[in-house]
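Step one of this worksheet: look at the structure below.
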Amino acid sequence: MVYVPCAEHVEESADARPVLRRTKEGGVALFAYSALDRLFEGCGAGQPWILLPVRAMEPLRESQGFDLVLLDVFIPPEHRLEHAGGSKYR
C-alpha cells in the first residue's frame with residue numbers, strides 16, 4: 001500500500017486526482033509515501049491523499065501519464081500544494 005497526495009479531498013477514490021510534478025529534466029513525477037506520517041512530513045498535515053495498493057500504480061500511470069514515482073520525498077513548505085495554488089504541475 002502507498003499513500004498518494006491528491007489535488008483535493010474527494011468522497012470516492014475514483015474521483016481523486018493525484019498530484020503530478022514536472023521534474024527538472026521535463027518528465028512528470030508522481031509522489032508516493034510508504035506511511036501516512038511520512039506523507040504528512042513530506043507534504044504537510046493538510047495534504048489530501050488516497051491509499052492505493054502497489055498493484056494499482058501501473059493502471060494509475062497509464063491513466064495519468066507520469067514517467068516516474070518518487071517515494072517518501074520531502075517537499076519544502078514553499079513548494080507544497082497549499083502554496084502552489086493547487087496546480088497540477090509545479
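Tell me which trypsin sites (Lys or Arg not before Pro) from the range 1-82 have a DSSP coil assignment and no more than 12 other beta carbons within 10 Å of their own.
Passing sites in the range 1-82 are 24.
Note down the relative contact order for the chain as a percent, whole number, built from C-alpha pairs under 8 angstrom at least six residues apart.
Reported relative contact order: 38 percent.
If you split all Cα-Cα distances of the range 21-63 into 10 Å bins from zero, what percentages do you get per bin, shortest first?
Calculated P(r), rounded to whole percents: 23, 46, 30.
log₁₀ I(q)/I(0) of the range 38-84 at q = 0.13, 0.30, 0.31, 0.32 Å⁻¹, via Debye over equal Cα point scatterers, no solvent, to two decimals?
Taken in order of the listed q values, log10 I(q)/I(0) reads -0.36, -1.12, -1.13, -1.14.
Among the GluC sites (Glu not before Pro) in the chain, which ones are in a DSSP loop with at most 11 other Cβ atoms within 10 Å of the Cβ? Mind listing them?
8, 11, 12, 25
Which entry in (i) 1.22; (ii) 0.96; (iii) 0.92 is this structure's computed Rg/Rh (Cα atoms, Kirkwood Rh)?
Of the listed options (i) 1.22; (ii) 0.96; (iii) 0.92, (iii) comes from this structure.
Bear in mind that the values in this text are calculations on the coordinates, not laboratory data. Since the structure is predicted, the reported quantities are computational estimates derived from the model, not experimental observations. Reconstructed Cβ throughout: ideal geometry from the backbone, glycine too, with neighbour counts over all protein chains shown.
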